[in-house]
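Remarks on the structure that follows.
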Amino acid sequence: TTMKIRFHSSSSWLPPLSRLAAVLLMLLPHILSFSIPIKQNHRRTTSSGSKTRNGHQQLSLSNKPEQKSKQKSKQKKKPKIKKDGDTESRWANNAMLLSSFEGLSQNIHDTNENENLPLTTAQNFLKRNLLRELTMNKLIANPPKLPLRDSLKEFLNNSSMTNAAVTSTGSRRAAEQSAEQSAEEISNDAIRQLLVNEASRLQKEADEKIAWNAKLADDAGDTIPKPQPPRNFLELRMIYIPTANYAPDDSSEYSRKEQRQRTVTKGLANRELIVKLLERLLPGIPILAVTLDFDDGSTRYPIGSDVERHFPMEGKNALKSWNPHLVYVDDGNPFWLSHMMNLGDWGHSLRSACSTPRGKGAVYVGVGAGATIAGRLLETATWLDAMGESKSRNDPSVVQGMEQIHKWKEIRGIGFCGPSASVLPHHDLPLPEWKTMLAEKRQQQPAQDGNNKNEIIALKEWEACLTNGNSKQFVVVGDNDGGSGDLAVADLNEPQ
């Protein structure tokens, strides 16, 4: 439309700005009557607005439809938070469950004459899976050159198959001294040496670069601070959790403060034993360790580095952003451990750290109470009194409102051994008494579908349950008889 604007001769005296304002006032109704059409098949459309009958979208100044759509999208994306009691079991990528440290520390001595003793199945399992985590981190963080990269990838493929084979061979009574295991040790040490050599090369290059930059700064007379040395290119990160051992004991002759001091000292001593074991299994690899308490979420007592930034400042970050290779949950009161874990939603953090879809995650080691919470139900912790266990270590009265044993019947654990297996550590009953106890527990079980399982993994002090999430299998092994075999795992839903 062509519009002609004419001014009367009498308006010629208006100043230029006034003339422009008059023109805009006359054009304003025509401007407001127009709308801007947008093609329907155009990819860059505006979120606000509505489509007209002809398929075009008309711009709108109102933001109400946009608010509604945002609210709907938020409602759809909002995750449903489940408590630990309602969360389905998830297999750990790799887990080791023990009654005591003895199940892992066999053949570990301080004397030099025993350093060449062959590793047990449990030790090889831990060593190989820690190397797997270090290898995967290496391939992601600093991809090496082709020859080394191919060797590391081949190791990952072979180690995953070995784990599946180990978990499907039963107790492997005589296999611990076999040539197959010796070959596995050689393969582990070869990969460890490759990782150590590559880290040394990268560290040397970084040190030379730092020294060169510092020299340039000194020659130029700059007063800027010298750069700090980089973080280790190869390190093993461990989180030690002694919360179960921190349970208060009202029957003790010591005060609460004295009890805490004694348990902290004991926890540090236990952690030192674990570090020594790791140093023997993985020589040449620096070990960083920190203690995490589920009670207050604190991380304390770091070792392995003097640089504060090398350690997590808070518990949830320790399990998440610090990316630990090993999570070690120590023995103590399983009821207190479960209570503290559920209060802080630590079960979710443990699953995220040790059970990942791609198989990359920390190796979980649970001892005593740490093994109990890794199972399906905590009911097995109520059986320990019948086996003569100390009342202080398995006293549910430490948790207010949960003093009675029957209240713990349906409390769930993490489920690192699958959806049907619970763990009973410190099992030392003779076979006849053990069968009698199983018969009594079977009678107490509610009627269930015959396809369901209710497995009990019973562990003696020197035994270890090795779990592999890839194959979804576990096996019980030991030092003398290779484990109890079929006697170590019982299904309460079976008649015998």
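What follows draws every value from the coordinates through simple rules; no lab data is involved. This structure is a prediction, so every number in the text was calculated from the model and none was measured. Note that we place each Cβ from the backbone using ideal geometry, even for glycine, and neighbour counts take in every protein chain shown.
The table for this structure:
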quantity: Karplus-derived 3J(HN,Hα), 6.51/-1.76/1.60, for each residue of the stretch 320-327, Hz, glycine and proline x; calculated: 10, 6, 6, 6, x, 8, 9, 10
quantity: Protection-proxy order for peptides 202-214, 289-301, each taking the mean of Cβ atoms within 10 Å per residue, highest first; calculated: 289-301, 202-214
quantity: Cβ crowding within 10 Å averaged over residues, with 429-435, 120-126, 131-137, 270-276 ranked highest first; calculated: 120-126, 131-137, 270-276, 429-435
quantity: Violating pairs (Cα-Cα greater than 20 angstrom) within the set LYS127/LYS276; LYS316/LYS360; LYS266/LYS360; calculated: LYS266/LYS360
quantity: Residue-span extension gain [ARG300 to LYS276] - 0.36 nm each, minus C-alpha spacing; calculated: 6.7 nm
quantity: Estimated vicinal HN-Hα couplings, Hz - the stretch 424-432 in sequence order (Karplus 6.51, -1.76, 1.60; Gly, Pro = x); calculated: 10, x, 6, 7, 9, 6, x, 4, x
quantity: Two-decimal Rg to Rh for the stretch 238-397 - Kirkwood Rh, Cα set; calculated: 0.97
